[in-house]
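The values are calculated or read from the model by the stated rules, or taken from the named source; none is laboratory data. Computed from a predicted model, the values in this text were never measured in an experiment. No Cβ is skipped: glycine too gets one built from the backbone with ideal geometry, and neighbour counts run over all protein chains shown. What goes into the accessible areas is simple: the full protein's heavy atoms, side chains included, and nothing from ligands, DNA or RNA. Shrake-Rupley method; radii C 1.70, N 1.55, O 1.52, S 1.80 Å.
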Amino acid sequence: MRILFLTHAFNSLTQRLFVELQDCGHEVSVEFDINDSVSEEAVELFKPELIIAPFLKRAIPESIWSRHICLVVHPGIRGDRGPSALDWAVMTGKRHWGVTVLQANAEMDGGDIWASVEFDMRPGKKASLYRHETAEAAVEGVLLAVSRYQSGTFTPLPLTDSDPGVGGKWNPLMGQADRKIDWDRDETETLLRKINSADGFPGVRDSLFGRELLLYDAMPETLLKGAPGAVLACCEGAICRATVDGAVWIGYLRDKSAAHPFKLPATMVLASEVSGLPVITPDQHCGYRDIWCERDGEVAYLHFPLYNGAMGTRQCERLRQAYIGVCQPDIKVVVLMGGIDFWSNGMDLNRIEAADSPADESWRNINAMNDLALEIIKCDSHLTIAAMQGNAGAGGVFLARACDEVWARKGVILNPHYKDMGNLFGSEYWSYLLPRYAGARNAERIVRARLPMGVPEALSLGLVDQSFGRSFHEFAREVRCRAAQMAGMEVFRDSLAKKRTRRAEDENLKPLLCYRNEELEGMRLNFYGFDPSYHIARYNFVYKIPKSRTPLTIAKHRQRDGSSRSQS
Ligand code: COA
C-alpha cells in the first residue's frame, strides 16, 4: 500500500514505524506537518491509499481527513484524549497504559478506533516510556490497523464513553502549575514523578539560586540528606537537592534566559553557584552514576546511560578509562551496554554549542570519541560486545561496530550516517568499519541514503550480528546468558586468535592511523573550513529550529525522478 506519514518530525517513533511498514512491503513517504497547504500538496503528489499520523502537534485539516482515511497514533488508552497523554499517565502513577490508533475527524482524539494495545507502566522518564513501551505498542497497533484496513471488512469502533472497555477520558494540556514542585512537602517519589512526566519535554520549572530553571534527568539519592530544597553536592555534572525524605540528583537544566538557553549539565548551568559544594565520587550507594562497571564471573558489563546518548569529551575519556580498567586478565568478555534509551548518539552537540569555541570543542570531542573507538578496535586480549538496548545514531553506530560483535534488541533503530548534520564527514573509524562489515558498495549507499535502519536490515548488512528480545528486560537477560556462554566456550581462545590475525591483516593493508587522519582531515574542514554548514546544522539541531521542508530522502513524493511513484 502507499502510505503517507503526516508528522511533526521524523522522531524515533516515526522512524520505527517507517522501517516496520516498509519491511511489511508498504511504500511509505513522509511529509512534515508544516501547514495545511503543504500537507494538502503532499497528499496530492503521493496519492496515498492511507494516511498515518505517528506524531502530530496539531489537528489534521478537514480538507484531508474528510477525503482520506487518516489514522492517528495516540499515546493513550481507549477513550484518553488530549495533548498530554503520557505526561498524565506518568504523573498520576498509572499502572497500565496504552496506545490507540484512531481515525481523524473533527474531534481531537475522538475518532473511531481501529486498534488499541495496552502495556504495563514502569517508573521512568516519559521519553523512555515513549521510546520503549509506547513504541512497541504503537508498532503492534499500527500494523493491526493497517491489516484491518487492507481487509476491507473491518468497521472501526466509535468511541462511546459508556463502553466498559473505555478507560480513558479527556485531559487538558498539562501546564507548569500541574507540575509545580513543593520542596517542603513533596516526597522523593512524588518529585521524581513530576520531573519524569516532563522529561525530555518540557521539563519542570523551578527556581534555584534566584534563577528560573527547567529541570530534567532526575534520579534518587540514597545516602545524602539535608534541609528540603537545599543543594547538597555535585557529581559528574549533576546536582543533588534534598527532599523531605531523602534527596534527588538533577542531571540536566535549562535556563531559557541564559546565553545558552538549551539543556546542559546542571553544574555547567550553575557553574558559579555550585563551585563551593562538595564533589561526590559515585558508587553503587551514592552519587549520580552515568558510567559504571559490573562484573559477573569472566564477563564485565560497562553501563553508560548518558543523557540522550550524547558523549561529551570528558565522558568519552572516562568511558575509555573505565574500559581499560575492566580489561583485566580474569575477564574474558567485555559487554558495552550503553543505556536503556540510547546506546550512543555520538559527540555531545549541546556541550559543543555551549563551548567558547565550538570548533575547538568539536575537535576535542571527536578525538576523544576516536581514542575510545581505537582502544576497542585494537584490544587483542578480550572479546568485546556492543549490546544495544536502545537506538544509536551517527558516531554511536560506528563506536558500536568497533566491538567484535554487535547485539541489538529487536526494535532498535540505527542511523549510521553523519551527513544530515551539515554534511559532517564523520570519524570514529567509520571509513574502516563500515566497508569492512557492510562492503564498499553498501557503505556508499548507506552514507548517501541518510535513512534510519531497522535491525533486520542491519543484520543483513553486517552492522548487527545478533538480535533478540522485544523488551529491554528480555534483551538484557539474554545478553547475560549469551555473554557468559561466550566466555565459557572452548573456542574463546580461537576467536581471540582469529581476531588478532584479522586485525594484523587489516593493519597491513591500511593502518588505522591513515583512516583516522583522512577522516580528521574531512572533520577539520567541517569545523574550521569556509563552509559553515556543520555549525549552522548543529545550531539548528540544538536550538530545535523547525525544519522548513521535509528532507527529500524521506519525502519520496517530492523526489524529482519520481522513483517512488513508478514502484506502485
Ligand atoms: N548531542 C546532544 N543531544 C543529542 C544528540 C547529540 N549527539 N543526539 C540526540 N540528542 C538529543 C536531542 O536533541 C533530543 O533532545 P531533547 O530531549 O531535548 O528532545 C534527544 O536527544 C532525543 O533526540 P531526537 O533527535 O529527538 O531523537 P530521535 O530518536 O528522533 O533521533 C538521531 C535520533 C540520532 C537521528 C538524532 O538525535 C540525531 O541526528 N542526533 C545527532 C547525531 C549526530 O550528528 N551526532 C554527532 C556526530 S557524531
Heavy-atom accessible area of the chain with neighbours in place, 1.4 angstrom probe: carbon+sulfur share in percent works out to 52
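Whole number please: convex hull volume per residue of the Cα set in region 139-244, in Å³?
Convex hull volume per residue, Cα atoms: 182 Å³.
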Under 5 Å from the placed amide H of Ser467, counting only residues 5+ away or on other chains, we find Ala408
What is the distance, in nm, between label points placed 7 Å from the Cα along the Cα-to-Cβ direction at Asn517 and at Ser162?
-> 8.0
What is the packing order of peptides 474-482, 410-418, 8-16, taking the mean over residues of other C-beta atoms within 10 Å and listing the highest first?
-> 410-418, 8-16, 474-482
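Rounded to the nearest 0.05, what FRET efficiency do Val279 and Asp182 have when you use their Cβ-Cβ distance and R0 = 45 Å?
Values: r = 28 Å, r/R0 = 0.63.
For R0 = 45 Å, the calculated efficiency reads 0.95.
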Amide H contacts under 5 Å for Val72, restricted to residues at least 5 apart in sequence or on another chain and with H modeled in the peptide plane, are Ala53, Leu102, Gln103, Ala104
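Would you mind getting me the FRET efficiency between His96 and Tyr543? Use the beta-carbon distance for r and R0 = 45 Å, nearest 0.05.
Values: r = 37 Å, r/R0 = 0.82.
Computed FRET efficiency for His96 and Tyr543: 0.75.
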Simple spin-label model, 7 Å along Cα-to-Cβ: Thr222 to His8 in nm?
-> 3.7
Send over a whole-number figure in Å² for the accessible area per residue of region 2-151, probe 1.4 Å.
-> 37
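Remind me, relative contact order of region 2-151 in percent, using alpha carbon pairs under 8 angstrom and six or more residues apart? Intermediate results must be reported in sequence, preceding the final value.
Values: 261 pairs, mean separation 30.5, N = 150.
Result for region 2-151 is 20 percent.
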For region 2-151, the Rg and Dmax computed from alpha carbons only, in angstrom = 14.5, 44
Which value, in Å² rounded to 10, gives the accessible area of Arg364 with a 1.4 Å probe and all protein chains present?
-> 120
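If I stretch the segment between Glu40 and Gln485 completely, what's the gain in nm (0.36 nm per residue apart, minus their alpha carbon distance), one decimal?
Values: separation 445, 0.36 × 445 = 160.20 nm, distance 5.54 nm.
154.7 nm is the gain from fully extending Glu40 to Gln485.
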Over the C-alpha atoms of region 381-439, what are the Rg and the largest Cα-to-Cα span, Dmax, in Å?
-> 11.8, 38
What is the diffusion coefficient of the chain in µm²/s, taking the Kirkwood radius over Cα pairs and the Stokes-Einstein relation at 10 °C with a viscosity of 1.306 mPa s?
-> 63
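Relative contact order of region 245-385, please, whole-number percent, based on alpha carbon pairs below 8 angstrom and at least 6 residues apart.
Values: 189 pairs, mean separation 30.9, N = 141.
The normalised contact order for region 245-385 reaches 22 percent.
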Quick one: go through region 403-437 and flag any residue whose amide nitrogen is under 18 Å from the point 7 Å out along the Cα-to-Cβ line of Arg445.
-> 414-418, 434-437
Residues whose placed amide H lies under 5 Å from that of Ala394, excluding near-sequence neighbours = Asn415, His417
Along Cα→Cβ, 7 Å out, is where each label goes; now give me the distance between the ones at Glu189 and Asp531 in nm to one decimal.
-> 5.6
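Ranked from the most accessible area to the least, with a 1.4 Å probe and all protein chains present, what is the order of Met91, Met219? Walk me through the numbers on the way to the answer.
Working: Met91 25, Met219 55 Å².
Largest accessible area first, the residues go Met219, Met91.
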Residue list for region 16-47, given a label point 7 angstrom along the Cα-to-Cβ vector of Arg148 and an amide N cut-off under 19 Å | 17, 21
So how do 292-300, 198-206, 401-409 stack up, highest first, on mean other-Cβ count within 10 Å?
-> 401-409, 198-206, 292-300
Using the Cα centre as the reference, give the magnitude of the dipole from point charges on the C-beta atoms of the chain (Lys, Arg: +1; Asp, Glu: -1; all else neutral), rounded to the nearest 20 debye.
-> 680
Of the options Tyr252, Leu215, Gln559, report the single residue whose Cα projects farthest towards the positive end of the charge dipole of the chain (beta-carbon charges: Lys, Arg +1; Asp, Glu -1).
-> Gln559
